[in-house]
Each structure stands twice: as structure tokens, then as C-alpha cells.
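One structure below.
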Amino acid sequence: MSEPILRLDDIQKRYGALIVSDHVSFSVGAKEIHALIGPNGAGKSTLVGQIAGSIRPDAGRVVFDGRDVTGLPVARRARLGLARVFQTSNVIAGFSALDNVVLAAAATDGTSFRFIRPLAGERRLRERAAASLERVGLAGRETILAGALAHGEKRALELAMGLVQEPKFLLLDEPMAGTGREETERLTELLASLDGKIPMLIVEHDMATVFRLAHRITVLIGGAVAITGTADEIRADRQVRSAYLGEEAP
Amino acid sequence: MTSPAPRSLPARLVALLTHPVTAIAAIALVVAAGQILDQGFWVTLATRAAILGLAALSLGFILGQGGLVSFGHAAPFGIGAYVVLIAGEAGVRDVLVLLPLAFLGSALFALPTGALALRTRGVYFIMITLAFAQMGYFVFSALSAYGGDDGMSIAGRATLLGARVFRSDGALAWLSIAVLAAASLFLHRTVGARFGHVLRAARDNEARTAALGFSVFRTRLAATMIAAGIAGLAGALMAEQTGFVSPSLMNWHRSGELIVMVVLGGSRRLSGAVLGAIVVVLVEEFLGEATEYWKFGLGLLILAVVATRVVDLPRLLGRRA
């Protein structure tokens, strides 16, 4: 495997006496779909926050695309090509679906400082945005206010916002949370179609999705990495079975 | 963005009333009528409405679009006025120098104060902007060379390329209207441009906007500086109109009054602020003449507006705001 797109290097984070990241190290390869699983309270969301930049680790390094980004704020990391899909649906509720994606596309230029030219007139952005909406199955929903979309549609919209940026890396925090069976399968297939094109780190509870997508899986228990390995290795691991997978394991 | 065409008659009326051109055209009409009928009082009143409308418009931009409730907008307003006073004492009187100078002075004030205030949120932001404005108030109160507490008359009305055109109230009125129109046009463009979208997106969802790659802080700081600069223009025009500058221009009452104007006109709509300023100026003038308790009347008006907005008047009239 060539140079990894993301490398976590001995990440440590504690809130008071509670250790939420306990010497976490793993990496995501340049063409890899990597899943992060673990029971509730294992520290997955804190880790996602540290990768995205909203939370600073106490110690350790986050290396993204060969560059130490540990000290960089959220917006800088995003401009380096790190796109994030939040755990809870996180769209601009007052904007139409299309405008949400247009805004995301505009962000790839890295500047908000355009004062005169109407955003609605930036054709290239709108075309990219419309194509991205179509890709996630939201064609025909362009003018609906994002806040009025159904839950599953919001998840798809977030994905469209991520994809339109043509990111170097997708950070997906429980993208399937709260979506219906059918929607989950559709989104899973969409992500699978990106296999080999965009590397991803996907935090997910839905094991079917994880085993369908992930090349490798990292299991986080009590803030520490229990094991990193392929789906088969994870399935076979006794410790993981008892601590986490339980009856959920297929 | 194109809003759906309003259909019913009341909806059309609301759309016409809230059209950005309407309020400015109304002020211009009053000035024209005042000049034709030789009613100096109308001209003065309309100029006051244009100037306060300009200040309210700039506050409406950061408050409505950015969700930044500044309780210190009187500070850049007052600084603009003091720029005119201080530059005048130094012999600079040309309007083509004074106005850019006032814009710059106020915008520069907003750079450090805004950068600090924008690190806070919610009620703390309100308090810190108030605190900065009060600091400005006391700094200028202490400037004995420029009248201290009592304030001071400006050296004289501004000139245009050496010509003393602004000795006439009419010329000053048209200058104020022109500045208001220009600022309004610029801000309306900005609202529809990328900058306005990012500002609103950050208002609705800051974490999302940052995760997309926009620096929310820098966007807000730029918006704050633009708004302060425009408020500085308004302050400079106010100094020209009254010919007198004192720290009371940056009193917190005025910050509150500007917020009232923005809220009265409807903060989500940029054009509302000018409308709100006109209403406040009229109430102050005519109710103030009838009774010294005119603020009671203004209070009732605010209550009425806020109460009906709960019902959402535009939607009631068949049009979504």
C-alpha cells in the first residue's frame, strides 16, 4: 500500500479522569475503505472530532495526506480535501437542497469573499451541484428546503455535499443512522461505487454495511484500539465477539 | 434567487412595501417635495431618516444575515461622526476624503473589537459589543481637545472638490440618499452573492459551514467591518447634518434604537431596516411633539409588531417570508 491518506499517531485525549482516546494509532490507505466500530462510549465520536479538527488531542499527531494537521482548524482541513458527513443530519435547513450543495461546491475554491456576483449565477457550481444531487438519488428535490427533507434524504444530501467537493477523503460518522432499510442499501451501494476512488473512514453501527464496504476494520473499545484487521479477522476475534459484536455478528 | 411571484393583492402590497427601492424612493420623494414646496423641515426630517436608515441597514446586515446581535453599533456610528470633527479641525473638509476616512476609521475600530467579540456567542456577544461601545463612549468623553463630555461643533459643512455645495440642506439630503442607495445596492448584491450565502449558512449552522471549508470567523469579521464602515458613513453624515458631535452619539441608547429599527422592519429582510428607521423617526417626531411620553407609544408599536410577527403577517397575507 502506498502512503496512507490518514494516519493517527498515538492520539491521546482525556476529559478529566475519563480517558476517551487511549494511545490510538491506525491508518487509512490511499484507496481504502476503513470502518471504525465499537460499543457506545468507546470514543468513536471523539476520535472523529479529532480527525476533523473540532477537537484537539492532548497528545499525538493527525497526519492527513502526508501533512501534520494536528494544529489546523476545521475549515483548513476541509480545504485540504477532508469532507465530513456528520452523525446527526447536519445541513443548512434554511437553504434549498440545491443551494446546500452549491455552497459545498463553492467551498472548494476556499473563499467566501465574493460580494457582487450572485451565487445563483455561478453556473459551473450549479451544474456540479445538480449532478451530485442526481448521483445520490435526489434529482427532482432541488428546490425543497433542506430542513423539510425526510431524514434519509438529508443523509443523502449530506453525502452529495461531500461528494461535490471531490474530496481526497470522506469521513463518515454513522451515515446510515436512522435511515430505513431500503435507503441504507441504496447509500451503501453508492459508497461501494466509490471504492477505489475516494478513501473513507466510516463509523457505523450497521454491521451489514460495515462488512459490505470495509477493506479493514478497526475496533475501538474503552478508547483504545482492540484490533485492526480484515472483516474475517474481526469476525474470528474472540475478544471482539464478546465485547461488542455479540449476537449482531452475521 | 427568484422568489415566487406574489399573487393576491395584499401580498402584492406587502411585496411593494418591502421592496428595497420603496423606502429609499419615499425618502427621496419627501426631499423633492420639501424642496419644491419650500418646506425645510421635511428635508431635514427626510435626511435624518436616510442617515438613521443607513445605520440601521448596516446593523440589519450583520444582525439579520449573520445572526450577530451587536448591541454596540452606536460605536462605529459615533466614530464616523468624530472622524468628521477631528478631520475638520485638521483642515480636511472635502466630502470625497471625509466619507472614505469615516468608513475606514469605523471599519478599523471593528477589526480588533470584532475579532475579540466574535470569539463569544449569544448573550456574551451582546454584552461584549455593548462593553466596547461604552469604552468608546468614555474614550471620546475624555477627549477634552474635542469637547469632552459636552461635544463640539464641527468646523463647517463639508465641501465637494472645494465647492461649498453642502451649505444647502437640500444638497446634503441628496448626498445622504445617494450614500444610502449605494450602500443598499451593495449590500443587496452581497446578500445574493457567495459572501451572503456563507454568512447565512454560518448563522443557521456554524459547524456545518466550517466543515465545508469556509472560515466562519473571517467571514463574520469581514461582515462586521463592512457594517461598521457603513455605520461610520452614517455617523459622518449625521455630523454634517447637525453640525455638532458629542459622545452621546455613541450612547448605548442609540445602539438599542438601531436594534429597534431593524426588528421593526423585520430582521430577515435587508430592506426592513430602512423602513423601520423611517417609522421610528416619524414616531419620534410627531408623537414626540404631541406628548413627552412618546416612547410609550413606540413601546406599544414594538409590542404590536412583535406580536403580529408571531402570527407571521406575510404568511397570513398569502406569501412566505
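For the reader, a short list of remarks on this structure follows.
- On the stretch given as region A:149-158, residues that are modelled with pLDDT under 90 and under 12 Å from the mean Cα position of the chain (by Cα) total 1.
- Conditions (1) crowded, with 23+ Cβ neighbours inside 10 Å; (2) in contact (Cβ under 8 Å) with a residue 60 or more places away in the chain; (3) assigned to a loop (DSSP other than H, G, I, E, B): number failed by A:L159: (3)
- Counting the residues of region B:195-207 that are assigned to a helix (DSSP H, G or I) and either over 9 Å from A:L103 (Cβ atoms) or more than 7 Å from every other protein chain (Cβ to nearest Cβ) (or both) gives 9.
- Only one entry of B:A163, B:A173 meets the criterion of being of a type in the set (A, V, I, L, M), farther than 13 Å from B:G88 by Cβ and free of Cβ contacts under 8 Å to residues at least 24 places away in the same chain, and that entry is B:A163.
- Checked against (1) in contact (Cβ under 8 Å) with a residue 60 or more places away in the chain; (2) touching a Gly at 6+ places or on another chain (Cβ under 9 Å); (3) within 13 Å of another protein chain (Cβ to nearest Cβ), A:G38 passes all but a single condition, namely (3).
- If you filter region B:117-134 down to residues that are over 23 Å from B:L249 (Cβ atoms) and part of a helix (DSSP H, G or I), you find that the one that is modelled with the lowest pLDDT is B:G122.
- No other residue among A:L125, A:L145, A:L159, A:L163 is among the aliphatic types (A, V, I, L, M), more than 21 Å from A:L80 (Cβ to Cβ) and out of contact with any Gly (no Cβ under 6 Å at 6 or more places or on another chain) apart from A:L145.
- Unmet criterion (only one of (1) touching a Ser or Thr at 6+ places or on another chain (Cβ under 7 Å); (2) modelled with pLDDT of 95 or more) for B:L221: (1)
- All of A:G81, A:G110, A:G94, A:G140 fail the test of being over 21 Å from the mean Cα position of the chain (by Cα), surrounded by fewer than 21 Cβ atoms within 10 Å (Cβ to Cβ), within 13 Å of chain B (Cβ to nearest Cβ) and not acidic (D, E), apart from A:G94.
- Region A:65-78, subset basic (K, R) and within 17 Å of the chain's Cα centre (by Cα), residue surrounded by the most Cβ atoms within 10 Å (Cβ to Cβ): A:R77
The values are calculated or read from the model by the stated rules, or taken from the named source; none is laboratory data. Owing to the predicted nature of the structure, the values given are computational and were not obtained by experimental measurement. We place every Cβ from the backbone using ideal geometry, glycine too, and count neighbours over all the protein chains shown.
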